[in-house]
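Enquirer: Please read through the structure below; I'll follow up with questions.
The values are calculated or read from the model by the stated rules, or taken from the named source; none is laboratory data. Only a predicted model underlies this, so the values are computations on that prediction, with no experimental measurement involved. In this analysis, Cβ positions are derived from the backbone assuming ideal geometry, glycine residues included, and neighbour counts consider all displayed protein chains. Side chains are part of the model used for accessible areas, which takes the heavy atoms of the whole protein and leaves out ligands, DNA and RNA. Shrake-Rupley method; radii C 1.70, N 1.55, O 1.52, S 1.80 Å.
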2 protein chains.
Amino acid sequence: MNQSEGKSKVYIEIVKQLRVMIETDGLKAGDKIPSERELSERLDAGRSSVREALRALELLGLIETRRGEGTFIRDFRENQLVQLLSTFILQDKRAKRDVVETKYLIEMDCLRQAAAKSGDDKLAQLKQWTSASEFSDDDFFLKIADMADNHLLFRIWKILKDYYNSLGINPPAVNKAYYEKLTDDLLAGDIDRTLLSYWQLRDLSKE
Amino acid sequence: MNQSEGKSKVYIEIVKQLRVMIETDGLKAGDKIPSERELSERLDAGRSSVREALRALELLGLIETRRGEGTFIRDFRENQLVQLLSTFILQDKRAKRDVVETKYLIEMDCLRQAAAKSGDDKLAQLKQWTSASEFSDDDFFLKIADMADNHLLFRIWKILKDYYNSLGINPPAVNKAYYEKLTDDLLAGDIDRTLLSYWQLRDLSKE
DNA sequence: AGATACACGTGGTCTGACCACTTTCTTTGA
DNA sequence: TCAAAGAAAGTGGTCAGACCACGTGTATCT
């Protein structure tokens, strides 16, 4: 494979062809792609060029290569985009001011989604867990974010949570009553009351 | 450089050290980093390993290498990465669903924030612009996101917009009446009606 | 049947060769 | 002396090859 005609570097072409292969062969998370040596033959490129392409995709979190085993597709939803973007966005000084507000907005979105999508059995489990367990605020909203059934929203929340925690804001002591009331409102299917309970929870948590 | 003690692959270590170098040396867009051969010496690694790290960073859009010249820092632009990733993500229906849903949730958050924070003069300007201009859906919500006065939320929306746009969903023809109604509801300070209008706008947009 | 050893396949890293291009330096000619 | 041309050096681009570390599968031994 040479480059005299086209402008693209070999590794870029390989990335493109891997993408097509994934699509054509219907490869899903956990599936194995051909070995480096086989790809080298198939794509008429040097093994080093194949590796360059694979390393690039690996850094993006789209694949995972394990010595002795091979190279596997990862769940594309776990890609590193959100992580990478947060690196740049959160370096922006202005962003820090907005972290708290945005975290709260996302949490409320998660509550709305959880209310809309979760069955009563899931909410009953949450209620039981809330009563029976010692938990942190983060533990609680991790469950809510999970119940929102939107992986992207879940990851955004996680990034915001981690960053919020890195700001050194003291974690509030958990007053269980607020979380239990919130859960009750969720169970009752009353989203407005749920959001009101959230505000009350946060007003308290802030002091 | 060998790997017998640590778990990280060499290229990952090189990526990390490049990151430190960029930061320590205060390198900015356009600045040149040391040659592959020099990095190879400095970091005590093979040139191939250096190249693997560089290719990975290049695919992320963080650097640009030009034959005969060298490797240069680039301004990070999210849309390049989003576009690349979306070609993979497109293959995952759940990921597509998450993107669409999250964009809508963020837009509603922007509406809520715009309603809470914007003065009547700003909203009046929006009303006037909506009447007087030809605009796209993205144009409209760019303004809304701006009026939310939360830079982080704004950036999140922009990235989601790029993501959404690379899904290949046909941009709907703008039916101005819906945007004008939405603006009226904002002006009236009725957030529930505003959100209802948003839902109506999106329901139509989906056909 | 279970444990062990061996062979093979896969990835991991490095070296080296050579090419294409760019930049810098040196030589030549006006 | 200055400008242009050519050569040398530097940079990235690609490939081949060597050899090691690990994982998996098969064969053999207890």
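Enquirer: When Cβ neighbours within 10 Å are restricted to other protein chains, what is their mean count per residue of peptide B:82-88?
Expert: Details: counts 2, 0, 7, 8, 2, 6, 12.
Going residue by residue through B:82-88 and averaging, the value is 5.
Enquirer: Using Cα pairs closer than 8 Å and at least 6 residues apart in sequence, work out the relative contact order for region B:10-73, in percent.
Expert: Details: 57 pairs, mean separation 26.4, N = 64.
Across region B:10-73, relative contact order equals 41 percent.
Enquirer: Now for a different question. Compute for region B:80-206: radius of gyration divided by Kirkwood radius, i.e. Rg/Rh, restricted to C-alpha atoms, rounded to two decimals. Display every interim value, and only then the final one.
Expert: On the way: Rg = 14.7 Å, Rh = 15.0 Å.
Here the Rg-to-Rh quotient is 0.98.
Enquirer: Starting from 0.36 nm per residue, how many nanometres of slack lie between A:R42 and A:T65 once their C-alpha separation is accounted for?
Expert: Additional length available on full extension: 6.4 nm.
Enquirer: Same structure again: Taking the Cα centre of chain A as the origin, how large is its charge dipole in debye, to the nearest 20, when only Lys and Arg (+1) and Asp and Glu (-1) carry charge on their Cβ atoms? Don't skip to the answer; put the middle values down first.
Expert: Numbers: 33 positive and 36 negative charges, 132 e Å.
Taking the Cα centre of chain A as origin, the dipole is about 640 debye.
Enquirer: Same structure, new question: Between copies, how close do the A:T24 label points come, placed 7 Å along Cα→Cβ, listed in nm from shortest?
Expert: Here A:T24 shows inter-copy label distances of 4.5 nm.
Enquirer: Separate question: Given B:A148, A:A29, A:A116, which one lies farthest toward the positive end of the charge dipole of the protein assembly as shown, if we put +1 on the Cβ of every Lys and Arg and -1 on the Cβ of every Asp and Glu?
Expert: A:A29
Enquirer: Of A:L39, A:L187, which has the most accessible area with a 1.4 Å probe, and how do the rest follow in descending order?
Expert: On the way: A:L39 0, A:L187 65 Å².
Solvent-accessible surface, decreasing: A:L187, A:L39.
Enquirer: Evaluate the relative contact order of chain B (contact order divided by residue number), counting alpha-carbon pairs under 8 angstrom at least 6 apart; express in whole percent. Don't skip to the end; give the middle numbers.
Expert: Numbers: 196 pairs, mean separation 37.0, N = 207.
Relative contact order comes out at 18 percent.
Enquirer: Given the pairs B:K28/B:K117; B:K122/B:K176; A:K28/B:K32; A:K117/A:K181, which are separated by over 30 angstrom at their Cα positions?
Expert: Working: B:K28/B:K117 36 Å; B:K122/B:K176 19 Å; A:K28/B:K32 39 Å; A:K117/A:K181 19 Å.
Too far apart for the 30 Å limit: B:K28/B:K117; A:K28/B:K32.
Enquirer: ³J(HN,Hα) across region A:178-193 via Karplus (A = 6.51, B = -1.76, C = 1.60, θ = phi - 60°), whole Hz, x for Gly/Pro?
Expert: 5, 5, 5, 5, 4, 5, 4, 4, 4, 4, 6, x, 9, 6, 5, 5
Enquirer: Kindly give the distances from B:R74 to its copy-mates, label point to label point, with each label point 7 Å from Cα along Cα→Cβ, as nm values to one decimal ordered shortest first.
Expert: 2.1
Enquirer: Per residue, what volume in Å³ does the Cα convex hull of the protein assembly as shown take up?
Expert: On the way: hull volume 79.9 nm³, N = 414.
So the per-residue Cα hull volume is 193 Å³.
Enquirer: A further question follows. So how exposed is A:Y178, as accessible area in Å² (1.4 Å probe, rounded to 10)?
Expert: 70
Enquirer: Let me ask something else about it. Per the helix-only calculation at 222 nm, which mean residue ellipticity applies to chain A, given -39500 (n - 2.57) for every DSSP H run of n ≥ 4 and division by its residues, nearest 500 deg cm²/dmol? All intermediate terms of the calculation are to be shown ahead of the outcome.
Expert: Values: 10 runs with 138 residues, N = 207.
Dividing the helical sum by the residues of chain A leaves -21500 deg cm²/dmol.
Enquirer: Same structure again: Given the alpha-carbon gyration tensor of region A:10-78, what are the semi-axes of its equivalent ellipsoid in whole angstrom, ordered largest first, with each equal to the square root of 5 times an eigenvalue?
Expert: Details: eigenvalues 59, 33, 28 Å².
Each semi-axis is √(5λ); the values are 17, 13, 12 Å.
Enquirer: Let me ask something else. Between copies, how close do the B:A173 label points come, placed 7 Å along Cα→Cβ, listed in nm from shortest?
Expert: Label-point distances to the other copies, shortest first: 6.3 nm.
Enquirer: Further question: Share of region A:10-78's accessible area from carbon and sulfur, percent, 1.4 Å? Numbers along the way, then the final one.
Expert: Numbers: 1440 of 3370 Å².
Within region A:10-78, the accessible surface is 43 percent carbon and sulfur.
Enquirer: Relative contact order for region B:40-151: what percent, with Cα pairs under 8 Å and sequence separation of 6 or more?
Expert: On the way: 59 pairs, mean separation 20.6, N = 112.
Once divided by the residue count of region B:40-151, the mean separation gives 18 percent.
Enquirer: Another question, then. Within 10 Å of each Cβ in peptide A:66-79, how many partner chain Cβ atoms are there on average? Round it to a whole number, please.
Expert: Values: counts 0, 2, 0, 0, 0, 0, 0, 1, 0, 3, 9, 6, 1, 6.
So the per-residue partner count for this stretch is 2.
Enquirer: Once you average over the residues of B:54-62, how many Cβ atoms of partner chains fall within 10 Å of each Cβ? Could the numbers behind the result be given before it?
Expert: Numbers: counts 3, 13, 10, 3, 5, 10, 6, 1, 2.
Mean shielding count: 6.
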